[in-house]
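First up is the structure itself, then whatever we jot down about it.
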Amino acid sequence: MRASTVVAWLLGVGLLAALVTLNDPAGVLAALTALGFWMPVAIAFHGVPLLLDVIAWQRLFAVPPRLAALFRIRWIAEGMNGLFPVPHLGELLRAQLARRITETGEAGASVVVDLTLGVATQVLFASFGLALFGVIYGGGPLLSGLIVAMSILAVAAATFYFLQRAGMFALAAVAVRRLAAPARRWVDIDDAMALDGRVRSLYLRREKVVLAAVWRLAGWFAGAGETVIILYGFGHPISLADAIILESLSHVARTAAFAIPGGLGVQDGALMVIAAQLGLGGELGLALSLAKRCRELVLGAPALAAGYIIEWRRRNAATA
């Protein structure tokens, strides 16, 4: 693990701790405790957007693997991304696990394209959230800042796509082999070129890609249901429009802070600011964020354990 990753993770943890300390920790804890029955309901509901994301991923394969197997892999990868202090490590794990249940060699390419569609549809979801925010609550510095963040996200998504079309993995392999001599032993340019070819071929299946994007977008909108459930449990029912605003714009902040694992502190601060703009109060926004963090922990911890068990069994089978 690189030192910069550890520093970024510690920075996020420190920022989150500061937000809690400076915003009535006892009151926030009381709000979380008051959720009671609604916390497991919110945790269970997360299966809905997760399932929609898995359906989107499944649509990208020429021969779709079993939905249950992909769901398990996606759940493990999400747990890794949410709890392990290495950005996007879950995507690498997802490709590795998917490779074992597919015979077409599309596992890595499907993850790359699915990740691209995730960011692209997030831009659409955020645009809808920004439009709602502008129409209902007007402009202001917050709206301007969110537009800038979303524009950066859109440029990043477009850049990532065009780099894939240009042969991103082969170019990266050549650069790594030139800059780090030890890497020549494990970086294979032919494998990288093959991955580039599979990614390009997958994009040529336009109908599948468009259908996957539709499911991915549906997953983003479904995620707003978790916000509705949690705030209802807090005794602050909100409209679906407000839930979409909170969900979409907080995810923009989390994605923009990709260098900080899990967007620690950044997503939480964004929810505080947005909730205050919606008249809910910053403390309630922080409580909402911590409830989402609890859900990540409750679902992520067993996901990490499942991933470890799968890997342990694979190694034992290989050495047997």
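Read the figures in this text as sums done on the coordinates, not as results from a lab. Not measured: the values here are computed from a predicted model. Note that each Cβ is placed from the backbone with ideal geometry, even for glycine, and that neighbours are counted across all protein chains shown.
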Counting residues in the stretch 90-174 as N, plug N into 2.2 N^0.38 Å and put the Cα Rg over that result.
1.44
Using only helices, what value at 222 nm comes out for the chain when you add -39,500 (n - 2.57) per DSSP H run of length 4 or more and divide by the total residues, to the nearest 500 deg cm²/dmol?
-27000 deg cm²/dmol
Using 1/(1 + (r/R0)^6) with R0 = 25 angstrom and r between the beta carbons of residue 166 and residue 301, what's the FRET efficiency to the nearest 0.05?
0.05
Would you mind checking the radius of gyration and Dmax of the stretch 281-320 based on alpha-carbon positions, in Å?
17.3, 58
Quick one: Cα centre-to-centre distance for the stretch 113-141 and the stretch 154-174, in angstrom?
23
Normalised by the number of residues in the chain, what is the relative contact order in percent for Cα pairs under 8 Å and 6+ residues apart?
32
Take the eigenvalues of the Cα gyration tensor for the stretch 133-176, scale each by 5, and report the square roots as semi-axes in whole Å, largest first.
36, 9, 5
How large is the Kirkwood hydrodynamic radius of the chain, counting all unique pairs of alpha carbons, in Å?
20.8
Return, for the Cα atoms of the stretch 186-226, the radius of gyration and Dmax in Å, separated by a comma.
15.6, 45
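Net charge within 10 Å of residue 226 by Cβ-Cβ distance, Lys/Arg positive one each and Asp/Glu negative one each, not counting residue 226 itself?
Around residue 226, the charge tally is +1.
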To the nearest 20 debye, what charge dipole does the chain have about its Cα centre, counting +1 at the Cβ of each Lys and Arg and -1 at the Cβ of each Asp and Glu?
1140
Working out 0.36 nm times the residue gap between residue 30 and residue 68, then minus their Cα-Cα distance, what length gain in nm do you get to one decimal?
9.9 nm
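Mean projection of the alpha-carbon convex hull of the stretch 190-320 over all orientations, in nm²?
Values: hull surface 46.5 nm².
Projected area, direction-averaged: 11.6 nm².
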At q = 0.10, 0.23 Å⁻¹, what is the base-10 log of I(q)/I(0) for the stretch 20-111 according to the Debye formula with one equal point scatterer per Cα and no solvent? Please give it to two decimals.
-0.39, -1.11
